[in-house]
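Following: one structure in structure tokens, then a few remarks.
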Amino acid sequence: MVFSSHVFLFYLLPLALLGYYALPHRGKHAFLTAISYLFYGWANPAFVLVMATSTLIDYAAALLMVGRLNPRDRRPIEPLQPGTPRTRPQKAALALSVISNLSLLGFFKYFNFAASSYDQLITALGLPQLGLDVAFRVTLPLGISFYTFQSMSYTIDTYRGQATPQHRLTDFACYVSMFPQLVAGPIVRYHEIAGQLARRTYTIASFARGTLFLALGLSKKVLLANPCGTVADAAFSAGSLAAFDAWIGVIAYSFQIYFDFSGYSDMAIGLGLMLGFTFPRNFNRPYLSTSITEFWTRWHMTLSTWFRSYLFLPLAYRLSRLLPEDRPLGLSHDHVVYAGAAVLTMTLAGLWHGAAWSFVLWGLYHGLWLVGERLSGIHRPKRRRSLPRPARIATTFLITLLGWVVFRAESLAAAAAYMGSMTGLGTAQPGAGLLAGVWQQPYYLGTMAIAAVVTWACPDTWEFTRRITGIKAAWSVALLVVSLLVLFTQAYNPFIYFIF
């Protein structure tokens, strides 16, 4: 089920709000968990079993760490002390959580990719008889990349002594399955929301801000992302294009993925506020970045902080202890450590986004840019001021666009062909001119122009809703009404990040 559907907006959401506020605090989490499981299992009920398995394993692993597996023991649970040595059972509990979650993620997300990559390699080596020739394919459960990361953050934070485990299974299941951020984020780490699970306040102001978040997020999705997606899909499926049309196509995709994902995040944050939860910010006008380093502090912020906390920093620590203190290629020890950790982290982040070599290359591309900026000092604000701010923004956006080509293309060969079209090196096919007939329509031209204005000249939803006025409320209601009317006329309504 998606937020931008009449089933959710007119049936499930009202039911969720009415039931949630009608119940006392002790019943809210169980009810919210049930609604979330209904939301998640709407397309395929079998997916619920995968999420429930991950939830039960991590719930038990955290309690095992603190020695509290007895359900009858109602004494307050004390967190582990940071810095103290961990016992073998505690280490085993953490290993159980991490391995089980990564195994679920690896099987469902990467089995098809691994099998096909192996068969292609064996065929290329002239040994097709050794191929797997797998007859079945694994269906990817929606949002598995998001809720496994959230669930792992719970056990890792418990192991580090940064969180106190939940004694009640319903409370933890509610955290993992909460429908607003279940299938596409933002990724809410456990220690960020633990206090809210225990106690939270409900105010009219918070509910009103959440409603504005929901209205503006839906508007981004329906009024901007979907039309831009139509142009992008036409461009990337056209084969070879004229250079100008190819640039239009990738710019349209950059708008589509931004408004699609930030719109979903806005709706998730808004729904959380309507339920009394405050989720972390996930986007901060990323296309205003003046470097790739800054871009990753503004784009999908919760994923960036997750990778930094649970992958980059531990990798950097290990590398700093393993690498010698000499200066290879004249680089300092810190630069070598950063380069190794950054490239590996971003490559894995690319693989997290999708099971294809194009995603791996996209992650490596961004990792190399991060390293280049660190070595050149461009990541420092003072060094970036050597160019006017508009030029730095334009340069960063151009770098991002080239990355989006690799991200969006169906294969590495398709990405290379598309870049050839962008540089004028490709040969436009006779039917390539049909794309101009799509994007040159007033509707799509107007949408892309509005998308550009919203991207570079308007405050984002987080800033816009800090202070609610009558004019802002009127604008939001008007956009909500228009979005709902347009929604019923659109046949094209995907959420890009659902496939990740």
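General observations
- Answer from THR201, THR164 - the residue that is exposed (fewer than 14 other Cβ atoms within 10 Å of the Cβ), out of contact with any His (no Cβ under 7 Å at 6 or more places or on another chain), touching a residue at least 12 places away in the same chain (Cβ under 8 Å) and part of a loop (DSSP other than H, G, I, E, B): THR201
- Segment 121-152 - residue that is surrounded by 20 or more Cβ atoms within 10 Å (Cβ to Cβ) and of a type in the set (Gly, Ala, Ser) and, of those, modelled with the highest pLDDT: SER151
- Residue that is outside the structural domain of ALA215 (by TED's automatic domain parsing), more than 30 Å from GLY210 (Cα to Cα), surrounded by 17 or more Cβ atoms within 10 Å (Cβ to Cβ) and modelled with pLDDT under 95, where the choices are LEU322, LEU315: LEU315
- Residues of segment 224-244 classified as crowded, with 24+ Cβ neighbours inside 10 Å and either modelled with pLDDT under 90 or hydroxyl-bearing (Ser, Thr, Tyr) (or both), total: 2
- Residues satisfying the stated conditions in segment 383-429, i.e. in a helix (DSSP H, G or I) and at pLDDT below 75: ARG383, ARG384
- Per-region count, segment 66-101, residues farther than 19 Å from THR53 by Cβ and not in a loop (DSSP other than H, G, I, E, B): 4
- Meets criteria (assigned to a helix (DSSP H, G or I), surrounded by 13 or more Cβ atoms within 10 Å (Cβ to Cβ) and at pLDDT below 75) for ALA432: yes
- Of the residues making up segment 247-289, just one is under 17 Å from ALA184 (Cα atoms) and basic (Lys, Arg), namely ARG281.
- Set SER54, SER5: member being at pLDDT below 95, farther than 24 Å from ILE99 by Cα and either surrounded by 13 or more Cβ atoms within 10 Å (Cβ to Cβ) or out of contact with any strand residue (DSSP E or B) (no Cβ under 8 Å at 6 or more places or on another chain) (or both): SER5
The values are calculated or read from the model by the stated rules, or taken from the named source; none is laboratory data. Keep in mind that this is a model prediction, so the values were computed, not measured. Glycine gets a Cβ as well: all are built from the backbone with ideal geometry, and neighbour counts include every protein chain shown.
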